[in-house]
Structure formats: C-alpha cells, structure tokens
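Asks: One structure is given below, represented as structure tokens, and several questions about it will come after.
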Amino acid sequence: MAYDKFTVLQSTAVPLPIENVDTDQIIPARFLKATERKGFGDNLFRDWRYNNDDTPKQDFVLNNPIYSGKILVGGKNFGSGSSREHAAWAIYDYGFRCVISSFFADIFKGNSLNIGILPVTVSEAFLDKIFKAIEADPKTELEVNLPEQKVTILATGESEGFDINGYKKHNLMNGFDDIDYLQDMKTEIAAFAEKSIY
Amino acid sequence: MSTNPTTLFDKVWDAHVVRKIEDGPDVLFIDRHFIHEVTSPVAFLGIENRGIGVMYPQRTFATADHNTPTINQHLPVADPLSAKQLAALSSNAEKYGISIWALGSPKNGIVHVVGPENGITQPGMTIVCGDSHTSTHGAFGSIAFGIGTSEVEMVLSSQCIMQPKPKKMRITVNGKLGKGVLPKDVALYIIAQITASGATGYFVEYAGEVFENMTMEGRMTVCNMSIESGARGGMIAPDETTFNYIKGREKAPKGEDWDKALAYWKTLKTDADAQFDSELSFNGADIEPQITYGTNPGLGTGITRKIPKASEVKDGEASYKKSLAYMDFREDENIIGKKIDYVFLGSCTNGRIEDFRAFASIVKGKKKADNITAWLVPGSHIVEAQIKEEGILDILTEAGFELRQPGCSACLAMNDDKIPAGKYAVSTSNRNFEGRQGPGARTLLASPYVAAAVAVTGVVTDPRELIEEEAAV
C-alpha cells in the first residue's frame, strides 16, 4: 500500500509519557477482525481512550483538545508485544506520521518503517526535554528532518540526531517499499531457492 | 574452510542471505512460512492489488487459530467478522495452492503447536509468521520470528524479507531445577531478571545444562517467551532430543533425505570461542515457581515473594504504579493467598501434552475450587486426542474440569473466551498486558503446575505443597 513520502515534518506533538506501551494497548485484539486495512484509527488506544460504554475518558491525552499533531511522543520500550501491524496502521490512520521514543520494540519499528511511519529514537535526556517542552506549551512545535536525520524543539532550538539506515531512509523519502524491491530480485531469489535443502 | 568461530545464529542466518544491501538490511530467504486468519487477509489483498502471485506456495502453511471458537466447532462461527476472516483464509489458501488445516480439520490447532508436531519445523530453517510467538520454533535450532503483515506479503510474493541482522545474546542457565519448577518458570525468571525490554535488539541463544536436559516441549515454551523479553527470537542448538522428536513426523525428511539432513543438523552449534554481543548466566537452582503481578511479563517474581516496592523495579515509578493500580495490588504485599476467579491452561506457550500431564498430576484426586472457572484448551486436535488416549481427560473430569476445543482462546481473547473486567486469571499463556485476556481482565502468568494448584485451591498457591515427591519432574 502506497504511503505519503516523508521528508521534513513540522508539527505539534501528542505526549504519552508511559513506558512499555504494548501493541495490545495501541489496538486491542478484538479490533483485529477486519479483512481490509481501514478504520483502525477509530480504535487507536481504544481501552485507554474510551470507557466500556464508549464514552471518552476525559483524562486520556487523545481526548484532550489542547494536544494535537502528526507526532506521537511515547515512553521507553514503545510498541512491545504482539507483531500486529494493525498497531502501526491505527497510528497512521489516526493521522500520526512519526513516533518519537527513547526505545522501540523491534517488530513495531520494522512495521512502522514498512508503512511510512518514521520511528525516531532519541536519548532519554532529549525525550525528557521534549516532554517538558510540550508540558510547558502544548502548542510547541517539533521539526523532524529525515534528510538531515535530526529532530529539533523549535521553541528552544535544541536538537538531536537520530539513526536510520540509508536504504530505509531512501524508501521513506521516495514512498518506495520493500515489496517492489523484492519483485525486482525474483530471478536472483529463484536461483537461491534452487540450492535450498528444505 | 574458515577457522573463524561463529555462533549457531550466524551459521543459520548467513546461510539464508540472498543479498546484502549496503547501509541497509539483508535480504533473507525464508524456508517455512506459517499464516493464520488474522494477519494474512490484508497481505493477500496487497498481492491482488499489485497483481503479483505467490512465489512458492508449497513453503507456506495455513491454520486457523486466533479467532476460532473453543466450543461447538462443528457449528457455523457465530461472529460474522470472525467467520469472514476464517473464510478469507480458506479461500486465499485454495486460490494460491497453499496447504491449510482449517477449522474442523483433524490437524487444526495453534500455528506454533501444529508446525512442530507435524514435522514442518526443522533445525537450520528460517521460519516466519505474522505472530510474535513464532520464536517458539527456535527450540529446534531454527531462526524463527514474528513479522508484520507487510512482511507476510513480502514472503508470499518473493519468499524473502528484508531484515537488519540483530545483535547476539547468549543466556546460559546451568545447575539443576528444583522441585515444581517447569520450563515456564525458567522463562518467567529470565524475563523478570532482564525486564520486558532486556533483550530488545538481540537474538538469543539459550545454552547450558537446564536447556540441554529439557524436552522439546519445554524448549518450545522457553523460546516462545523470548519475545516477552523483547528479543527478536530465541534458539537452542539441536541435539539428540531434537532429532528424536522430529524423526518419523509427517513432514520430516525420510530415508536418504533424513540422513543427509541429520548430517547437516549436527553441524548446527555455536563454536567454542564464538563471540556474542551480550552474555548472561543464571543458576537453575535459584529459580522457584514464578508468578507475575503486573501488566508486563517482566513484572514477575518467585511465588513465595512479596510484590516489590517501586524503588526495587527497573520500570519507571509512574508506569509501575499504573500497573499495580490496574491489578489492584499494592507494593510489598504477598501474592500467595490472593483470591483468583479464572484459570486458563493453554496457548502456544503451554498448550501441549506435557502441560496437560503436569496440570493433571496436581488435580488428580482433588476437586476444582468452587470459585474458579477453568478453561482448559489444548493447543491442537492432536494434543486433544493424546489427552483422551492417556486417560488425562478422565482425571480432569473426575476433578470437575471440562476440556474445550483447540485454539488461541483466552490468550488474546479475540473469540468469546474473555475474562470479565476486574476478574483475576492465573494463565499459562504469555502476556499479562492490560486487557489482553478481555477488557479490564487481570492476568497473572504462571506455569501449568501453579495453574493447577490455583484451580484446586481457589487462591494463589505454591504448587510444591501439592506435589508428591514421586510425581516431581
């Protein structure tokens, strides 16, 4: 599925300063029954966001109108647990294009990159600065610059670099995906498969 | 020949790299691909939309498990969305020539139970599935890990995925396990020591006497839980235990092919002096039966211990307090004696025959506690048949328990098997996340022995008090 190209994103951010946000919280299993990829944003953080009677929980950040934006900032070990790509779909479908944390679970990170969400890993100290900046002013803007691999708190000018491999960076900046790449390799793959003992 | 000492992980990984991308991931060839009804429909849709086919359908195996009912499987599935997913799996398998054990098939069951029990899983393979507990198959010395749906589409269409090579960790556990300590306790103990993110970024090899002495089913339980420490996967070098398990199973190599495969499998071990990025070791004698008290699998401890104070855990204080508040537990209180409402025996972690034998050994001659609702769910129809053949069903029935039909069931509560809000469940599954077993449900993870002890006493009980000396494993 094609996704929007990612180059420089300037946006306010939604803070979620909780550690170990697992993918069961991002999208509970009972919402994984679709056979198509649509509408997952409605159930993003469903059980943190809504009461059992479907009324919004007023103290959850997504229900607080002072916070908005295309960047989600989460605590350490974001996206742990189930491999469900639906978690990344829900985040994308809700309108986020970037998640910032000090530490991501491996599968979530891979899934995000595959569908056009940029996971940005920053130091714990810088993550804390971001949380504090948003706390001080919910309208504070962040700039996530993929070509320069740098995230900046615009109000203070403080910034930090982040890592991403060259292949994935190129893909995100151009909206390419791995499936296209692999389709072009099929002759090479078939030759490899010939030698397989299994 | 290279004299450079390498790890088991390197040997298997390097043998599957089709192309190395500079400043990028490796293109990794996948030997076996399992699919189920929840994470595959969108991948098939992607293939249709792109107009590309399935490259090697004979390398993919389908089973229905996540979303299947565990009673009355002969009736049509009542929930229309679940029924639609199951129908999509069957029609996609048929359309592309993929073999399938659909609901109702005698070979149907949880993907990580049916793969090994039918000999599909073999040493030295790369194995993936759109399910994080694919790490289970690492018990055979294969590289096995969970993938997302985009990657399911990649494997279907090209038999490859693109992965950066993870770092390597070795976890060694030597010594002898004490009475009443099962492989699940070893797994929960390790995760409690290193936290739920302690192995993130790594692929783990388990080594040492404790794993060498484990059965294949025990090794599967340990490797299954690798993901709960954040590891991409876990593996154990294949040995005679592994080869004896595989030999004669339906999809295992036969005759000359077996001899050839065996000769190769025997080379699959970490060389002396091979380097790991991280090495940890524990003493098996330090491990007592474990239980979790929080909302991630790293928040567990010995069953006789108290719930730690916030200052004693590695999670941040706010997250820890949120976790205890959800469980309605307090710092520094005993876990033993806590009243429990539900017991769940099953899942890809502990839904195999040895788990049912362990459970039955404790409940034999006793009665289910009145306050307990027990869901006993075999991992497959083959396990279910064994339970009946071995007389375990009679023991369970006599003690007041019923057996349900195979599936993932209350482990992730996608079907109707949901623990009600606020209720406590002692579960042999793998995750105690908020709402994992149903909205508002409170989960304590433990071994089949602990689950059995709770099932007959109604409260958290040290199973060692109920194990006869001669019955101890």
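Asks: So what's the angle, to the nearest 10 degrees on a 0 to 90 scale, between helix A:106-115 and the longest Cα principal axis of chain A?
Replies: 80
Asks: Roughly how many whole Å is it from the C-alpha centroid of segment A:120-195 to that of segment B:1-77?
Replies: Between the Cα centre of segment A:120-195 and that of segment B:1-77, the gap is 25 Å.
Asks: Ok, one more. So which of A:LYS33/B:LYS418; B:LYS107/B:LYS388; B:LYS11/B:LYS168; A:LYS70/A:LYS109; A:LYS76/A:LYS109; A:LYS132/B:LYS309 end up more than 19 Å apart, counting from Cα to Cα?
Replies: From the list (A:LYS33/B:LYS418; B:LYS107/B:LYS388; B:LYS11/B:LYS168; A:LYS70/A:LYS109; A:LYS76/A:LYS109; A:LYS132/B:LYS309), the Cα-Cα distance tops 19 Å for A:LYS132/B:LYS309.
Asks: Could you run the numbers on buried accessible area between B and A, total for both chains, 1.4 angstrom probe, in Å² to the nearest 100?
Replies: 5200
Asks: In a shell of Cβ-Cβ distance under 13 Å around B:ASP416, excluding B:ASP416 itself, what net charge do Lys and Arg (+1) and Asp and Glu (-1) give?
Replies: +2
Asks: Still on this structure, please answer the following. Antiparallel versus total DSSP beta bridges in the protein assembly as shown: what percent is that, nearest 5?
Replies: Once the DSSP bridges in the protein assembly as shown are tallied, antiparallel ones form about 35 percent.
Asks: Between the DSSP loop rule and a limit of at most 14 other Cβ atoms within 10 Å, which trypsin sites (Lys or Arg not before Pro) in segment B:366-473 are left?
Replies: Sites meeting the loop and neighbour criteria: B:LYS367.
Asks: Which of the trypsin sites (Lys or Arg not before Pro) across segment A:111-198 are loop residues per DSSP, with 12 or fewer other Cβ within 10 Å?
Replies: A:LYS139, A:LYS195
Asks: When the Karplus curve 6.51 cos²θ - 1.76 cosθ + 1.60 is applied with θ = phi - 60°, which whole-Hz ³J(HN,Hα) does each residue of segment A:120-137 get, with x for Gly and Pro?
Replies: Values per residue, Gly and Pro as x: 10, 9, 10, 5, 4, 5, 6, 4, 4, 4, 5, 4, 5, 5, 6, 4, 5, 8 Hz.
Asks: Write down the Kirkwood hydrodynamic radius of chain B, to one decimal in angstroms, obtained as one divided by the mean of 1/r over all alpha carbon pairs.
Replies: It is 22.5 Å.
Asks: Kirkwood hydrodynamic radius of segment B:291-471 from all distinct Cα pairs, in Å?
Replies: When all Cα pairs of segment B:291-471 are included, the Kirkwood radius is 16.3 Å.
Asks: Efficiency by 1/(1 + (r/R0)^6): what FRET value for B:THR172 and B:THR215, r their Cβ-Cβ distance, R0 = 22 Å, to the nearest 0.05?
Replies: 0.70
Asks: Then there's this: Compute the signed sum of charges (Lys and Arg +1, Asp and Glu -1) over the other residues within less than 12 Å, Cβ to Cβ, of B:ASN4.
Replies: Once all neighbours under 12 Å are counted, the net charge is -3.
Asks: What net charge is computed for the residues neighbouring B:VAL313, neighbours being all others with C-beta under 13 Å from the C-beta of B:VAL313, Lys and Arg scored +1, Asp and Glu -1?
Replies: Summing Lys and Arg as +1 and Asp and Glu as -1 gives 0.
Asks: May I ask you to give the solvent-accessible area per residue for chain B, in square angstrom, as obtained with a 1.4 angstrom probe?
Replies: Accessible area per residue: 34 Å².
Asks: Something else: ³J(HN,Hα) across segment B:322-332 via Karplus (A = 6.51, B = -1.76, C = 1.60, θ = phi - 60°), whole Hz, x for Gly/Pro?
Replies: Per residue, the Karplus-derived 3J(HN,Hα) values read 4, 5, 5, 5, 4, 7, 6, 10, 10, 4, 6 Hz.
Asks: Rounded, prolate or oblate: pick one for segment A:8-194, where a ≥ b ≥ c are the square roots of the eigenvalues of its C-alpha gyration tensor, a/c under 1.5 means rounded, and failing that, prolate if a/b is larger than b/c, else oblate.
Replies: Oblate, since a/c reaches 1.5 and b/c is not below a/b.
Asks: While we're on this one: Where the accessible area of segment A:1-92 is counted over protein heavy atoms with a 1.4 Å probe, how much of it, in %, is carbon and sulfur?
Replies: Exposed carbon and sulfur together represent 46 percent of the surface.
Asks: Could you quote the convex hull projected area for segment B:137-240, Cα atoms only and averaged over all directions, in nm²?
Replies: Approximately 7.2 nm², given one-decimal rounding.
Asks: Excluding residues on the same chain fewer than 8 positions from B:LYS306, give the lysines whose Cα lies under 19 Å from its Cα.
Replies: Candidates past the 8-residue exclusion: B:LYS314, B:LYS321, B:LYS322, B:LYS338, B:LYS339.
Asks: Checking the cross-link filter: which lysines have an alpha carbon closer than 20 Å to that of B:LYS176, excluding same-chain neighbours under 8 positions apart?
Replies: Within reach: B:LYS184.
Asks: For a label point 7 Å from the Cα of A:ASP137 along Cα→C-beta, name the residues of segment A:5-24 whose backbone N is under 12 Å from it.
Replies: Once the point is set 7 Å along Cα→Cβ of A:ASP137, nothing inside segment A:5-24 turns out to lie under 12 Å by backbone N.
Asks: For n ≥ 4 DSSP H runs only, could you compute -39500 (n - 2.57) per run for the protein assembly as shown, divide by its residues and tell me the 222 nm figure to the nearest 500?
Replies: Per the formula, -8500 deg cm²/dmol.
Asks: List the aspartates and glutamates whose alpha-carbon lies under 13 Å from that of A:LYS195, not counting same-chain residues fewer than 8 positions away?
Replies: Within reach: B:ASP31.
Asks: Applying the Karplus parametrisation 6.51 cos²θ - 1.76 cosθ + 1.60 with θ = phi - 60° to the phi angles of segment A:140-148, what ³J(HN,Hα) value in whole Hz is obtained for each residue in order, glycine and proline being reported as x?
Replies: Listing the rounded values in order: 5, 9, 10, 10, 9, 10, 6, x, 8 Hz.
Asks: How much FRET efficiency would the formula 1/(1 + (r/R0)^6) give for B:ASP328 and B:ASP370, where r is the Cβ-Cβ distance and R0 is 22 Å, rounded to 0.05?
Replies: The pair B:ASP328/B:ASP370 has a calculated efficiency of 0.50.
The values are calculated or read from the model by the stated rules, or taken from the named source; none is laboratory data. Note that this is a predicted model, so its numbers are computed, not measured. So basically every Cβ, Gly included, is an ideal-geometry build from the backbone, and we count neighbours across all protein chains shown. Remember, those area values only see protein heavy atoms, side chains included, never the ligands or the DNA or RNA. Shrake-Rupley method; radii C 1.70, N 1.55, O 1.52, S 1.80 Å.
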